Amino acid sequence: MAATATKYTLASRGQVTRDDIFYTSKLAENRTSYNAVRASIRQSVAACKLGYIDLFLLHSPYGGPAARWASWRAIEDAIRDGEVRSGGVSNFGPRHVNELMGHTDLRIKPVVNQIEAHPFNTREDIRATCARHGIVVEAYAPLVRGMRMRHPVITALSEKYKCTPAQLLVRWSLQHGLVPLPKSVRKVRMEENADVNGFKISSADLATLDALDEHLVTDWDPTNTD
Ligand SMILES: NC(=O)c1ccc[n+]([C@@H]2O[C@H](COP(=O)([O-])OP(=O)(O)OC[C@H]3O[C@@H](n4cnc5c(N)ncnc54)[C@H](OP(=O)(O)O)[C@@H]3O)[C@@H](O)[C@H]2O)c1
């Protein structure tokens, strides 16, 4: 506790240490060339000037099974060599997660799968698969990119819980065990989006939110690729 308190004090004075930062980066494109991926990871480590990357993701499953596997092997070795602390995947559908976890010579499993998830696209299929393998789901576009802030169910429940629509959406993620990644360029909204511990959505209202699923894709959806 003392160490945490000291670190917080330092950070609040602007003296941020490397331990205060959790830096994630991604591989833009899966490659069948292990060496090309290792080189790309090393380039990312050098470019960030942080010494190492906390979490390195395969950005998507595109490229096919051989490219996914060669790219994952490169992440495993980058972890072994200290360039990267942990590895994960992004936009992996159930079949891609099962494929990776099914490799008998898998040495390090992905810790997260970063996918689009919110009440309008709940991705229960991917969440269930990840849960079976003990993989944490990170929810991107957790605020639906602002596209459903005025939806009548969202506004009604926000009034009920005396929170903002964004806070309701962040709570939806958290109460489903997801790690939401709300993005804002405004400090006041960053604080709002983090201030979500003062209320709890009831099970019935969570179900009401789940029922909003319209398979809305706000960006891209590579989760069904071969
Ligand atoms: N792995 C992938 O393939 C993938 C794909 C897409 C996104 N992502 C990542 O996921 C993260 C979030 O996704 P996202 O930016 O697409 O969607 P998002 O977080 O759902 O929505 C961001 C939008 O909501 C607005 N916003 C933020 N807080 C708000 C608030 N309290 N009230 C009203 N509006 C608010 C932001 O505007 P302001 O900035 O003006 O506040 C911005 O327009 C990003 O870090 C992104 O890099 C990953």
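Residue check: Ala28 meets all listed conditions (1) more than 26 Å from Thr129 (Cα to Cα); (2) open to solvent by 10 Å² or more (accessible area, probe 1.4 Å); (3) among the aliphatic types (A, V, I, L, M) but one, namely (1). Out of all the residues in the stretch 38-45, is one or more within 22 Å of Thr225 (Cβ to Cβ), at pLDDT 95 or above and surrounded by 14 or more Cβ atoms within 10 Å (Cβ to Cβ)? Yes, because at least one residue in the stretch 38-45 is within 22 Å of Thr225 (Cβ to Cβ), at pLDDT 95 or above and surrounded by 14 or more Cβ atoms within 10 Å (Cβ to Cβ). Within the stretch 139-152, residues that are charged (D, E, K, R) reach partners that are assigned to a loop (DSSP other than H, G, I, E, B) and near the ligand (Cβ under 6 Å from one of its atoms) with beta carbons closer than 8 Å, at six or more positions or on different chains, in the pairs Arg145/Asp219.
Got a number for residues in the stretch 200-211 being more than 23 Å from the chain's Cα centre (by Cα), surrounded by fewer than 15 Cβ atoms within 10 Å (Cβ to Cβ) and not hydroxyl-bearing (Ser, Thr, Tyr)? Qualifying residue count, the stretch 200-211: 1. From the list Ala166, Ala211, Ala194, which one is under 15 Å from Val153 (Cα atoms) and more than 9 Å from the ligand (Cβ to nearest atom)? Just one listed residue meets the conditions, Ala211. Residues that are out of contact with any Leu (no Cβ under 7 Å at 6 or more places or on another chain) and either in contact (Cβ under 8 Å) with a residue 60 or more places away in the chain or within 11 Å of the ligand (Cβ to nearest atom) (or both) within the stretch 169-187 comprise Val170, Ser173, Leu178, Val179, Leu181, Lys183, Ser184, Val185, Arg186, Lys187, listed in sequence order. Cys163 passes every criterion in (1) modelled with pLDDT of 95 or more; (2) under 17 Å from the mean Cα position of the chain (by Cα) apart from (2).
Restricting attention to the stretch 212-226, the residues that are touching a Gly at 6+ places or on another chain (Cβ under 9 Å) and open to solvent by 90 Å² or more (accessible area, probe 1.4 Å) add up to 2.
The values are calculated or read from the model by the stated rules, or taken from the named source; none is laboratory data. All values derive from a computational prediction rather than experimental measurement. Neighbour counts are summed over all protein chains in view; Cβ atoms, including those assigned to glycine, are modelled from backbone coordinates with ideal geometry. Surface areas here come from the heavy atoms of the whole protein model, side chains and all, with no ligands, DNA or RNA. Shrake-Rupley method; radii C 1.70, N 1.55, O 1.52, S 1.80 Å.
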